[in-house]
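Chemist: Just dropping this structure here.
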Amino acid sequence: MANLLKIFTKDSFVLALVSIILGLLLGAVVMLIGGYDPIVAYSALFSRVYGDSYNFGEAIREMTPLILTGLAFAFAARAGLFNIGGEGQFLVGMTAASIVGIKLHGLPAIIHAPLAIIAGAVFGGLWAAIAGYLKAKRGVNEVITCIMMNWIGLYLANLVINQFALMEGENRSVDIQPSASISIEWLSQMMGNARVHWGTVIAVLAAVFFYIFLWKTKQGYELRAVGFNQDASRYAGMNVNRNIVKAMFISGVFAGLAGAFEVLGVFHYQSVMAGSPGTGFDGIAVALIGMNNPFGVLLGSVLFGTLTYGSAGMSFSADVPPEIIRIVIGSIIFFIAAQGIVRWVVKPLYSKRKKEKVL
Amino acid sequence: MSWLTLGELIHTTLVFATAIIFASLGGVFSEKSGVTNLGLEGLMVFGAFAAGVGGFYAEQAGLGGTSAAWVGVLSAAVFGILVSLIHAVASITFKADQVISGIVINFLAAGSTLYMVKLLFEGDGDTGRIQGFSEISIPYLVDIPVLGNAFFQAYPTTYLAILLVIIGYFTLYKTPFGLRLRSVGEHPGAADTVGIKVNRLRYIGVMISGALAGIGGATITLTTTNMFSHNTVSGQGYIAIAAMIFGKWNPLGAFGAAVFFGFSQAIRNYVQLFAWSQSIPQEIIFMLPYLLTIIVLVAAVGRSRAPAALGQLYDPSKR
């Protein structure tokens, strides 16, 4: 409990909170300039998300992949790698899970669903590991490989669905077997058929795994050491190259899981996509809001999910263009990054507190 | 494939490459000064938006197609510079992480351009059709078989892009300004010691990238799509980043890489002309350019060296 309290009074937490408030204020200013009432807009936003159980369930569904793609980016970042390839890893993981979910027949759910999840995780991980391997062995910048792998992943996903699992006359795959579904039926029925699924639970557990692995194990220590200083780590006898590949693999596992859950828990089929869905890129934003900390990522995805899911309600009942929320999220990240500005804003508060202590 | 279509292929390559040439050249200037610029995508979106709006209102004001389009290019450059200042202020003055503040630009771009378009065009998601540029052909040269069609009939922006690559190369490697800009990206401490204003040069580098990436976005609006909507740019900025790295942070290299990407996009339109392409799923043809990039990088190019101080904040007290 004392630990928990420490998190909430920590400098970084206060800065993040102030950044969020500043971002919302800036969004309000932009709304005023556009001739909209920010109070009406924001209350429409929050009442959509937290107003009834269906929308609440759907908002949680929206947050789930963000947790995982956020963790994916944050994990690689802790090892000093810039994984901009979450998008491709997400799609490849999704496709692997789809194929296992569609093609395997007659398995009990207790085996089929985990198998599909593992397929998604492993393929997402391998997809990312390619970028890691090329960086470690050939010195190819991971940013450029990841960008390329995003496109290749998109077309590969479409290729596999088109060739092996297309529903006749439709631009999507056939449905996965019921035994591969990870929807929580009873909860879904309670929440007005909101598409809630077990993936959310696994996503939260993944954040816990992230924390334990990086800060409580020797391997995690190595990864972080490599992230801090490659040369020093090499000098200390660590295998830097292996750590790079390992970090990218685990990072990709998170993103692959995100994709797998979208098929197994939400849609139960996979569409042929004209363009990337953007979940991988949104994960970068979530990780940045969460300052690459696993629990920060959880909070970041709650914030991001609330704002984006709620923004639809904003346009519906207050007629405000929902794009404004991208501005709010962008400025929140901006303020978190440019802490100098935020420190300047909170400075008066801090100095007042110190004066009181003196008295 | 006949010679005629080969000329067409080169022509289409240049059309697709133009936007990437501008943006990756911009990226080179920012990163040579030591500031990572992942915001190229966003800067292009802002540029495409400004070109759409500027071009639209210029046409409304009665300017002819080409002059209105040049107004669009100019607004894109100005808007690009203004937006790039967000990146500059955050990452240079307020010492924010350069990677993050670049991503912020991308985020702001996606939301705010659509918001503004909806405000300006009464709820519509696009600017409405504009005339944009039309192709110009260079007299006599255009009559050369194959080559004339390929190189001497193009949008004016393509010629501008090639001109700017040459100017950019000359500026970076043959002028005192270029030397200073590069020194700031390689060793800001040493540059500071000899009296070079590190932060000022970095601001200039970022602003040049804003102008160029903005114009890059503008060329898409003014030559390819003839309007601005949310998916006008769709990933070209990320390709530009890849082209910049692929081209080893050199204007000529970035140009070559951009043409390579342009070619890979153009080839999609032409590969259907080959009989053998019918037996290959089109997704494989689509992914080929990206696959090829990775193979080329691994096999031939290998380690690319970024400017030494790229992404690092300059703190005079730690000199």
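Residue-wise test of (1) within 14 Å of chain B (Cβ to nearest Cβ); (2) within 13 Å of the chain's Cα centre (by Cα); (3) at pLDDT below 95.
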site: A:PHE261; (1), (2), (3): no, yes, no
site: A:MET273; (1), (2), (3): yes, no, yes
site: A:GLY280; (1), (2), (3): yes, yes, yes
site: A:ALA285; (1), (2), (3): yes, yes, yes
site: A:PHE304; (1), (2), (3): yes, yes, yes
site: A:GLY310; (1), (2), (3): no, no, yes
site: A:GLY313; (1), (2), (3): no, no, yes
site: A:ASP319; (1), (2), (3): yes, no, yes
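Chemist: Which is in contact with a Gly (Cβ under 6 Å, 6 or more places away or on another chain) and either closer than 17 Å to B:VAL233 by Cβ or part of a helix (DSSP H, G or I) (or both), of B:THR13, B:THR18, B:THR5?
Modeler: Working: B:THR18 fails: in contact with a Gly (Cβ under 6 Å, 6 or more places away or on another chain); B:THR5 fails: in contact with a Gly (Cβ under 6 Å, 6 or more places away or on another chain).
Exactly one residue qualifies, and that residue is B:THR13.
Quick grid of which residues meet (1) farther than 25 Å from B:VAL296 by Cβ; (2) in contact (Cβ under 8 Å) with a residue 40 or more places away in the chain; (3) in contact with a strand residue (DSSP E or B) (Cβ under 6 Å, 6 or more places away or on another chain):
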| position | (1), (2), (3) |
| --- | --- |
| A:GLY101 | yes, yes, no |
| A:ALA116 | yes, yes, no |
| A:VAL122 | yes, yes, no |
| A:GLY132 | no, yes, no |
| A:GLN163 | yes, no, no |
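Chemist: Could you pull out the residue among A:SER315, A:SER276 that is surrounded by fewer than 24 Cβ atoms within 10 Å (Cβ to Cβ) and either more than 28 Å from A:ARG78 (Cβ to Cβ) or out of contact with any helix residue (DSSP H, G or I) (no Cβ under 9 Å at 6 or more places or on another chain) (or both)?
Modeler: Numbers: A:SER276 fails: either more than 28 Å from A:ARG78 (Cβ to Cβ) or out of contact with any helix residue (DSSP H, G or I) (no Cβ under 9 Å at 6 or more places or on another chain) (or both).
Going through A:SER315, A:SER276 in turn, just one is surrounded by fewer than 24 Cβ atoms within 10 Å (Cβ to Cβ) and either more than 28 Å from A:ARG78 (Cβ to Cβ) or out of contact with any helix residue (DSSP H, G or I) (no Cβ under 9 Å at 6 or more places or on another chain) (or both): A:SER315.
Chemist: What's the total number of residues in region A:130-184 that are within 10 Å of chain B (Cβ to nearest Cβ), among the aliphatic types (A, V, I, L, M) and in a helix (DSSP H, G or I)?
Modeler: Summing the residues that are within 10 Å of chain B (Cβ to nearest Cβ), among the aliphatic types (A, V, I, L, M) and in a helix (DSSP H, G or I) in region A:130-184 gives 15.
Chemist: If A:LYS218 satisfies all but one of (1) more than 14 Å from chain B (Cβ to nearest Cβ); (2) on the phi > 0 side of the Ramachandran plot, what's the number of the condition it fails?
Modeler: (2)
Chemist: If you don't mind, another one. Being away from chain B (no Cβ under 14 Å) and buried (at least 24 other Cβ atoms within 10 Å of the Cβ) is the filter here; which residues of region A:79-112 pass it? Steps first, please.
Modeler: Here is the first cut: in region A:79-112, the ones away from chain B (no Cβ under 14 Å) are A:79, A:89-90, A:93-94, A:96-112.
The answer is A:ALA79, A:GLN89, A:PHE90, A:GLY93, A:MET94, A:ALA96, A:ALA97, A:SER98, A:VAL100, A:GLY101.
Chemist: Something else: Applying the selection to region B:225-240, what residues are more than 12 Å from chain A (Cβ to nearest Cβ) and assigned to a helix (DSSP H, G or I)?
Modeler: B:THR225
Chemist: From the residues in region B:192-206 that are of a type in the set (D, E, K, R) and assigned to a helix (DSSP H, G or I), which one is nearest to the chain's Cα centre (by Cα)? I'd like the intermediate steps shown before the answer.
Modeler: Within region B:192-206, the subset of a type in the set (D, E, K, R) is B:192, B:197, B:200, B:202.
Now narrow it down to the ones that are assigned to a helix (DSSP H, G or I): B:192, B:200, B:202.
Numbers: B:ASP192: 30, B:ARG200: 23, B:ARG202: 19 Å.
Result: B:ARG202.
Chemist: Out of the residues in region B:241-260 meeting the condition of being more than 19 Å from B:LEU288 (Cβ to Cβ) and of a type in the set (A, V, I, L, M), tell me which one is nearest to the other protein chains (Cβ to nearest Cβ).
Modeler: Within region B:241-260, the first condition is being more than 19 Å from B:LEU288 (Cβ to Cβ), and the residues that meet it are B:241, B:244-245, B:247-255.
Now drop any that are not of a type in the set (A, V, I, L, M), which leaves B:241, B:244-245, B:252, B:254.
On the way: B:ILE241: 7, B:MET244: 9, B:ILE245: 5, B:LEU252: 18, B:ALA254: 12 Å.
It comes out as B:ILE245.
Chemist: Given A:GLY283, A:GLY278, which one is touching a residue at least 12 places away in the same chain (Cβ under 8 Å) and farther than 28 Å from A:VAL14 by Cβ? Full working, then the answer.
Modeler: Numbers: A:GLY283 fails: farther than 28 Å from A:VAL14 by Cβ.
The conditions single out A:GLY278.
Chemist: Restricting to region B:192-222, and then to whatever is among the hydroxyl-bearing types (Ser, Thr, Tyr) and surrounded by fewer than 22 Cβ atoms within 10 Å (Cβ to Cβ), can you tell me which residue is nearest to B:THR93 (Cα to Cα)?
Modeler: Here is the first cut: in region B:192-222, the residues among the hydroxyl-bearing types (Ser, Thr, Tyr) are B:193, B:203, B:209, B:219, B:221.
Subsequent filtering for residues that are surrounded by fewer than 22 Cβ atoms within 10 Å (Cβ to Cβ) retains B:193, B:203.
Working: B:THR193: 20, B:TYR203: 9 Å.
Result: B:TYR203.
Chemist: Residue under question is B:GLY123, and the condition is that it be under 20 Å from B:TRP70 (Cα atoms) and small (Gly, Ala, Ser); does it hold?
Modeler: Details: under 20 Å from B:TRP70 (Cα atoms): no; small (Gly, Ala, Ser): yes.
So B:GLY123 fails the test.
Chemist: Residue pairs, Cβ under 6 Å, 6 or more apart or interchain, first in region B:106-132 and modelled with pLDDT of 90 or more, second part of a helix (DSSP H, G or I) and of a type in the set (Phe, Trp, Tyr). List them.
Modeler: B:ALA109/B:PHE46; B:THR113/B:PHE49
Chemist: Within region B:134-191, take every residue that is in a loop (DSSP other than H, G, I, E, B) and in contact (Cβ under 8 Å) with a residue 24 or more places away in the chain and give me the one that is farthest from B:GLY262 (Cα to Cα).
Modeler: Looking only at region B:134-191, we keep the residues that are in a loop (DSSP other than H, G, I, E, B), and these are B:134-135, B:138-140, B:144-146, B:152, B:155, B:175, B:187.
Keeping just the survivors that are in contact (Cβ under 8 Å) with a residue 24 or more places away in the chain gives B:134, B:145-146, B:155, B:187.
Values: B:SER134: 19, B:PRO145: 22, B:VAL146: 19, B:TYR155: 15, B:HIS187: 34 Å.
Of everything passing the filter in region B:134-191, B:HIS187 is farthest from B:GLY262 (Cα to Cα).
Chemist: Looking at A:ALA255, A:ALA247 in this structure, which one is away from chain B (no Cβ under 14 Å), of a type outside the set (S, T, N, Q), assigned to a helix (DSSP H, G or I) and under 16 Å from the mean Cα position of the chain (by Cα)? First the steps, then the outcome.
Modeler: On the way: A:ALA247 fails: under 16 Å from the mean Cα position of the chain (by Cα).
Selected residue: A:ALA255, the only one of A:ALA255, A:ALA247 that is away from chain B (no Cβ under 14 Å), of a type outside the set (S, T, N, Q), assigned to a helix (DSSP H, G or I) and under 16 Å from the mean Cα position of the chain (by Cα).
Chemist: Mind checking whether some residue in region B:262-269 is β-branched (Val, Ile, Thr) and under 21 Å from the mean Cα position of the chain (by Cα)? Let's see the steps before the verdict.
Modeler: Taking region B:262-269 and keeping what is β-branched (Val, Ile, Thr), we get B:267.
Narrowing further to those that are under 21 Å from the mean Cα position of the chain (by Cα): B:267.
Among the residues of region B:262-269, at least one is β-branched (Val, Ile, Thr) and under 21 Å from the mean Cα position of the chain (by Cα), which makes the answer yes.
Chemist: Taking A:SER43, is it surrounded by fewer than 18 Cβ atoms within 10 Å (Cβ to Cβ) and not β-branched (Val, Ile, Thr)? Write out each step before concluding.
Modeler: Working: surrounded by fewer than 18 Cβ atoms within 10 Å (Cβ to Cβ): yes; not β-branched (Val, Ile, Thr): yes.
Answer is yes for this residue.
Chemist: Where residues in region B:104-143 are of a type in the set (A, V, I, L, M, F, W, C), at the interface with chain A (Cβ under 9 Å from one of its Cβ atoms) and in contact with a helix residue (DSSP H, G or I) (Cβ under 6 Å, 6 or more places away or on another chain), which of them is nearest to A:ALA28 (Cα to Cα)?
Modeler: Looking at residues that are of a type in the set (A, V, I, L, M, F, W, C), at the interface with chain A (Cβ under 9 Å from one of its Cβ atoms) and in contact with a helix residue (DSSP H, G or I) (Cβ under 6 Å, 6 or more places away or on another chain), I get B:LEU108.
Chemist: Can you name the residue in region B:244-268 that is touching a Phe, Trp or Tyr at 6+ places or on another chain (Cβ under 6 Å) and hydrophobic (A, V, I, L, M, F, W, C) and is also nearest to B:THR13 (Cα to Cα) among such residues? Spell out how you get there, then give the answer.
Modeler: Looking only at region B:244-268, we keep the residues that are touching a Phe, Trp or Tyr at 6+ places or on another chain (Cβ under 6 Å), and these are B:251-252, B:257, B:262, B:265-266.
Okay, now just the ones that are also hydrophobic (A, V, I, L, M, F, W, C), so B:252, B:257, B:266.
Values: B:LEU252: 17, B:ALA257: 12, B:ALA266: 5 Å.
Within region B:244-268, the match that is nearest to B:THR13 (Cα to Cα) is B:ALA266.
Chemist: How many residues are over 21 Å from A:GLY278 (Cα atoms) and either touching a Ser or Thr at 6+ places or on another chain (Cβ under 7 Å) or modelled with pLDDT under 95 (or both) when one looks only at region B:21-66?
Modeler: Going through region B:21-66 one residue at a time, the tally reaches 28.
Chemist: When region B:92-103 is examined, which residues are found to be surrounded by 24 or more Cβ atoms within 10 Å (Cβ to Cβ), touching a Ser or Thr at 6+ places or on another chain (Cβ under 8 Å) and facing chain A (nearest Cβ under 8 Å)?
Modeler: B:SER101
The values are calculated or read from the model by the stated rules, or taken from the named source; none is laboratory data. Given the structure is predicted, the values throughout are model-derived calculations rather than measurements. No Cβ is skipped: glycine too gets one built from the backbone with ideal geometry, and neighbour counts run over all protein chains shown.
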